[in-house]
Amino acid sequence: MNQFLEYLEGIFANKRQAQSHPTRYAHIRVQHRKISDLRFYGEQAYNYLLNTPYRQFVIDVEVEKGQFRLKNYEIEDASRFAGCQNLELITDDILTYREGCDIIMTQTGPEMFQGGTSTCECWVMWQGVKTYVQNEVTLTKDEYHVVDRGLHAETHQKIWGSDWGAFKFVRMGV
């Protein structure tokens, strides 16, 4: 468990990927900051708008039958935590559990964890269309790869997400 938690915590960016394929990948920074033993604050931001993340969340990590369940929470008035500020003020009463949005991770090698969404019920409205999130995640000591897709609730056709495969984030630090 300690290995997984160590790998999850950190600052990751896909600078190399974005520079190699600027029309396919935006330059994004992802941060996971530990705020208690099994709780992380996370944010995702475009590199040119680091103080204005487009996604902020809290993750609780639970061990379940040899796997790791990442429970995803929305944060009330999340902007006050942008830039990983005031994290000591995050309490359960400002969090809303995102039903159906858990990510299940399994250790698939000595230094690799892989997984993804556990259901087809992680709902996101995208430009007025109801979609559900399907994602795939790979986490190692130095890299964090993510494919996020939004599929139409009724037709199951891809509505949003990468057409070019995983965002390949490289660890920049903790």
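The values are calculated or read from the model by the stated rules, or taken from the named source; none is laboratory data. Everything numeric in this text was worked out from a predicted model, so none of it was measured. Heads up, the Cβs are rebuilt from the backbone with ideal geometry, glycines too, and the neighbour counts pull from every protein chain shown. Please note that ligands, DNA and RNA were not included when accessible areas were found on the heavy atoms of the full protein model with its side chains. Shrake-Rupley method; radii C 1.70, N 1.55, O 1.52, S 1.80 Å.
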**Study point:** Formal net charge of residues neighbouring GLN17 (Cβ-Cβ distance under 10 Å; K, R +1; D, E -1)
**Key:** +4
Revision key, fill the gap. Which of GLU154, GLU143, GLU76 fluctuates most in a GNM of the chain (C-alpha springs under 10 Å)? That residue is GLU154
Point to revise | For the chain, Cys with no neighbouring Cys Cβ under 4.7 Å | key: CYS84, CYS120
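Of all the stretches in the chain, which is the longest one without any exposed loop site, taking chymotrypsin sites (Phe, Trp or Tyr not before Pro) in a DSSP loop (any state but H, G, I, E, B) with at most 14 other Cβ atoms within 10 Å? It would help to have the intermediate numbers written out before the result.
Values: sites that count: TYR54, TRP164.
Result, exposed sites excluded: 55-163.
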Review point. So how strong a dipole does the stretch 75-147 carry about its Cα centre when Lys and Arg Cβ are +1 and Asp and Glu Cβ are -1, to the nearest 20 debye?
Key: 240
Review point. What are the ³J(HN,Hα) values, in whole Hz, obtained from phi via the Karplus relation 6.51 cos²θ - 1.76 cosθ + 1.60 with θ = phi - 60°, for each residue of the stretch 167-172 in sequence order, with x given for Gly and Pro?
Key: 6, 10, 8, 10, 4, 9
Review point. Hey, what number do you get for the chain at 222 nm if only DSSP H runs of n ≥ 4 count, each worth -39500 (n - 2.57), divided across all residues, to the nearest 500?
Key: -2000 deg cm²/dmol
Study note, to complete from the structure: Once the dipole of the stretch 27-170 is set up from charges on Cβ (+1 Lys and Arg, -1 Asp and Glu), the residue from the list CYS84, ASN72, THR119 lying farthest towards its positive end is CYS84
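How about the stretch 130-174: which trypsin sites (Lys or Arg not before Pro) there lie in a loop by DSSP and see at most 14 other Cβ atoms within 10 Å?
Filter output for the stretch 130-174: LYS141.
For the stretch 60-108, give the percent of accessible area contributed by carbon and sulfur heavy atoms, probe 1.4 Å, rounded to a whole number. Walk me through the intermediate numbers first.
On the way: 1170 of 2740 Å².
Reported share for carbon and sulfur atoms: 43 percent.
What does the charge count around ASP163 come to, taking other residues whose C-beta lies under 11 Å from its C-beta (Lys +1, Arg +1, Asp -1, Glu -1)? Present the calculation step by step, with values, prior to reporting the outcome.
Working: positive: ARG24, ARG149, LYS158; negative: none.
Net local charge, ASP163 excluded: +3.
Ignoring any ligand, DNA or RNA, what whole percent of the accessible area of the stretch 124-168 comes from carbon and sulfur when the probe is 1.4 angstrom? Numbers along the way, then the final one.
Details: 1330 of 2670 Å².
The C+S portion of the solvent-accessible surface of the stretch 124-168 is 50 percent.
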Practice item. Calculate what fraction, in whole %, of the accessible area of the stretch 1-56 sits on carbon and sulfur atoms when a 1.4 Å probe is rolled over the protein chains. Key: 44
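About the Cα centre of the chain, how large is the charge dipole given +1 on each Lys and Arg Cβ and -1 on each Asp and Glu Cβ? Please answer in debye to the nearest 20.
With only Lys, Arg, Asp and Glu charged at Cβ, the dipole is about 720 debye.
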Review point. Which of the pairs LYS71/LYS158; LYS34/LYS71; LYS15/LYS158; LYS34/LYS141; LYS130/LYS158 have their Cα atoms more than 20 Å apart in this structure?
Key: LYS71/LYS158; LYS15/LYS158
Exercise for review: Give the relative contact order (percent, whole number) for the stretch 1-158; include only Cα pairs under 8 Å separated by 6+ residues.
Suggested key: 14
Point to revise | Accessible solvent surface per residue of the chain, calculated while the other protein chains remain in place, 1.4 angstrom probe, Å² | key: 56
